[in-house]
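For reference, the structure is listed below as structure tokens.
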Amino acid sequence: YYGHGFYGLEQASCGYFGHPASDLTVVQGAMLAGVVNAPSVDDPISDPANARARLEHVIARMVAVGDLTGAQGRQALRTPLGLTAGTSPNC
């Protein structure tokens, strides 16, 4: 569960970002990875500060385990999230 009635990655991607999961950016994927941990606490719509802190944690972990370089992690955190209103469009 990803919050706002979105079950599964595809629904969450469509609902939060307006496009299929196959089109997620690194920062969008990291946001969803963080949200699934505690959707009511790390909700990017109702609590963007908590969601941003969780996103930064996920990116830091991706760097720490070697999935991203430090430069890629910094770039991801500078990339706009592209969050939509939180309703699942037909995508």
Q. When you look at Thr79, is it over 17 Å from Tyr2 (Cβ atoms) and either at pLDDT below 95 or among the β-branched types (Val, Ile, Thr) (or both), yes or no?
A. yes
Q: Please name all residue pairs, on different chains or six or more residues apart, with Cβ atoms under 6 Å, provided the first residue is in the range 45-72 and is at pLDDT below 95 and the second residue is of a type in the set (Gly, Ala, Ser).
A: Ile45/Gly86
Q.
Step by step: first the residues of the range 2-13, then only those that are part of a helix (DSSP H, G or I) and not hydrophobic (A, V, I, L, M, F, W, C), then the one that is surrounded by the most Cβ atoms within 10 Å (Cβ to Cβ). Which residue is that?
A. Ser13
Q: Residue by residue through the range 3-15, note down the ones that are in contact with a helix residue (DSSP H, G or I) (Cβ under 7 Å, 6 or more places away or on another chain) and farther than 9 Å from Cys91 by Cβ.
A: Gly3, His4, Phe6, Leu9, Ala12
Q. Restricting the first residue to the range 9-37 and requiring it to be closer than 18 Å to Asp67 by Cβ and polar (S, T, N, Q), which pairs with a second residue that is assigned to a loop (DSSP other than H, G, I, E, B) and open to solvent by 10 Å² or more (accessible area, probe 1.4 Å) meet a Cβ separation below 8 Å and a spacing of at least six or different chains?
A. Thr25/Thr79; Thr25/Gly82; Gln28/Leu81; Gln28/Gly82
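The values are calculated or read from the model by the stated rules, or taken from the named source; none is laboratory data. What you see is a predicted model; the values in this text were computed from it and never measured. No Cβ is skipped: glycine too gets one built from the backbone with ideal geometry, and neighbour counts run over all protein chains shown. Ligands, DNA and RNA are stripped out before the accessible areas are found, and what is left, the full protein with its side chains, is counted by its heavy atoms. Shrake-Rupley method; radii C 1.70, N 1.55, O 1.52, S 1.80 Å.
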